[in-house]
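Heads up, the thing below is written out as structure tokens.
The values are calculated or read from the model by the stated rules, or taken from the named source; none is laboratory data. Quick caveat, the model's predicted, so the values are computed rather than measured. Here Cβ is always computed from backbone atoms with ideal geometry, including for glycine, and neighbour counts include all displayed protein chains. In case anyone asks, the SASA skips ligands and DNA or RNA and just uses the protein heavy atoms, side chains included. Shrake-Rupley method; radii C 1.70, N 1.55, O 1.52, S 1.80 Å.
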Amino acid sequence: MGRGRALGTGAAAAVALVLVAGCTGADGGGGAARTSAPARSYLTGEPGAAGHVLAVKIDNVPAARPQTGLNDAALVYAIEVEGGLSRLMAVFDSKHLPAAVGPVRSARETDPQLLAEYDHPALAFSGAQSMLLPVLKKSTELTAVTGTKDFYRRHDRSAPHNEYLRPAKPAAKGGTAKDIGLRFEAATPAGGTAAATAAARMPAARFSFTWNGTHYRVAMDGKASPWTADNVIVQHVQVKESDYHSRTGYVPYSQTVGHGSALVLRNGRSYAATWDRPSPASGTAYTFQGRTLPLHPGRTWIVLAP
């Protein structure tokens, strides 16, 4: 895992050119030497230039597990859907893609608002409510990817839990990763509470995260999974009824613009934090006791909990 360092408040701070103090030799002209600081990902804080961003909606009912490709995602969001169940959104940088991702499922109204803080990412999904689908396809905040030849069916699983995505071409349609508000630092922040485990709930879904000394193991609905995270954020959000209704009943719409409480886990410690995102185009800031709370460089799971 690459080592991170604290990022400045501006988006350019993560990739800025650094002037190194000192002069050349007597015959070198006396000018200051210019050296490039190593680029670091806005999404993980790890070394590497920014790639294109692809978000994929992923099934999370028991019949869909284990999913494919989640440990290659920079971020994984857990989002409430109908019946109080959960669905995942995996966000990938095009420089770190798995060969396949899935099972892919449908989009919801939560998705475009959540993704507005990224720079016109690609969103891959299997379908959407009939009134929402044209909104997604015409969106100026994302590129909708659905029904293309990049999707395929696996024969070892039953529908609808068997649609998968080859992500390389869809990822190329996404905008370049930009600052979404996350900050990273390898050193563990002061404060917080030692905590080996933490949990989050939706009406009909449960998540637990267990620190093993190097990362968090993810369990869902009481069952272990192969997925891990370097950071976990349980972000408490307002959930209202979506404007895009379903014949099956209430459709949740998780509000990711606003502010609220959050539980941030890193390095075996728990921080009672706050989150703030003043507008859809703004990044999400996480603070602890009035100061920016940096994450450990690496992969992050964010549970949008009611």
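Enter the accessible area per residue of region 184-223 (Å², integer; probe 1.4 Å; all protein chains in place).
I get 51 Å² per residue for region 184-223.
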Given points 7 Å out from each Cα along the Cα-Cβ axis, report the D276 to D156 separation in nanometres with one decimal. 4.9
Partner aspartates and glutamates whose C-alpha sits under 18 Å from that of K223, ignoring same-chain residues fewer than 8 away, are D59
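Taking 0.36 nm per residue of sequence separation and subtracting the Cα-Cα distance, how much length would be gained by fully extending the chain between H259 and T188, in nm to one decimal?
Stretched fully, the H259-T188 segment lengthens by 23.1 nm.
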Label K149 and A204 with points 7 Å out from Cα along Cα→Cβ: what is the distance between them in nm? 3.8
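Take the alpha carbon gyration tensor of region 161-306, find the square roots of its eigenvalues, order them as a ≥ b ≥ c, and report rounded if a/c is under 1.5; if not, report prolate when a/b exceeds b/c, else oblate.
It is rounded, given that a/c, with a ≥ b ≥ c, falls under 1.5.
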Quick one: which of 109-118, 194-203 comes out on top by average Cβ neighbours within 10 Å, and what's the full order, highest first? 109-118, 194-203
Computed E for K240/T287 - FRET, C-beta separation, R0 35 angstrom, nearest 0.05: 0.90
Accessible surface of region 203-306 [probe 1.4 Å, protein heavy atoms]: carbon and sulfur percent: 50
Given the Cα-Cα distance of A196 and V135 and 0.36 nm per residue of separation, how much length would full extension add, in nm? 17.7 nm
If Lys and Arg each add +1 and Asp and Glu each add -1, what is the summed charge of the other residues whose beta carbon sits under 12 Å from the beta carbon of K240? -4
Kindly identify region 72-162 as rounded, prolate or oblate by the Cα gyration tensor criterion: order the square roots of the eigenvalues as a ≥ b ≥ c, call it rounded if a/c is under 1.5, otherwise compare a/b with b/c, prolate if a/b is larger, else oblate. rounded
Any of K178/K240; K95/K169; K138/K240; K57/K173; K138/K178; K149/K178 with alpha carbons more than 20 Å apart? Name them for me. K178/K240; K138/K240; K138/K178; K149/K178
Can you give me the solvent accessible area of H296 with a 1.4 Å probe, rounded to the nearest 10 Å²? 40
Can you figure out the FRET efficiency of E82 with A172, using R₀ = 30 Å and their beta-carbon distance, to the nearest 0.05? 0.40
